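The values are calculated or read from the model by the stated rules, or taken from the named source; none is laboratory data. Here the structure is a predicted model, which is why all the values come from computation and not from measurement. Please note: Cβ atoms are built from the backbone with ideal geometry, for glycine as well, and neighbour counts cover all protein chains shown.
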């Protein structure tokens, strides 16, 4: 751009700035936002000075302001939508993975503290995934006997968990067991 372009822009700015500012102020709240849009209008005018018509400068500036106001409104709506989305997500609880590790360690310690017979009964049901009939066959006992042993082993495991550290709640520990309590 040359000196004549700078002079033209300076004259354009001095003559139309108050009108553009009033135009934007009537359509937008907040002095800071108004100043930003007005600055963008004149920045656009500077960048496109060759497109600004000589006889209809003010309407061109108003049209530019209108487009920038629309952009500002869309941006504000996106901001509001984002705030609402984030506010809705705050209600979701994200568990700390350390709690799961602590719970797993507590379950492992409680399991290890059980008698071998209880560990065998529980492991057939939980780890091996055997049905009661299959587990009873593996242990060489009747299905009803297996059910009684499983119930007693679960009870002892719950007792061990209750006696273990209080840093992990019993409910968390039992959840980790995935059905030991069922």
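List the helices (runs of 4 or more DSSP H) inside segment 94-145, counting only whole elements, that have at least 2 residues being touching a residue at least 60 places away in the same chain (Cβ under 8 Å), surrounded by 14 or more Cβ atoms within 10 Å (Cβ to Cβ) and assigned by TED's automatic domain parsing to the domain that holds residue 160.
Working: elements: 97-113, 116-126, 132-139.
Those helices (runs of 4 or more DSSP H) span 97-113.
Just name the residue that is modelled with the highest pLDDT out of those in segment 48-93 that are under 15 Å from the mean Cα position of the chain (by Cα) and assigned to a loop (DSSP other than H, G, I, E, B). First the steps, then the outcome.
As a first pass, look at segment 48-93 and keep what is under 15 Å from the mean Cα position of the chain (by Cα): 81-93.
Now restrict to residues that are assigned to a loop (DSSP other than H, G, I, E, B): 91-93.
Working: 91: 61, 92: 61, 93: 67.
Only one residue fits best here, namely 93.
So which of 84, 76, 128 ends up being touching a helix residue (DSSP H, G or I) at 6+ places or on another chain (Cβ under 9 Å) and under 30 Å from residue 27 (Cα atoms)? Explain how you work it out, then say what you get.
Details: 84 fails: touching a helix residue (DSSP H, G or I) at 6+ places or on another chain (Cβ under 9 Å); 128 fails: under 30 Å from residue 27 (Cα atoms).
None of the others qualify; the one that does is 76.
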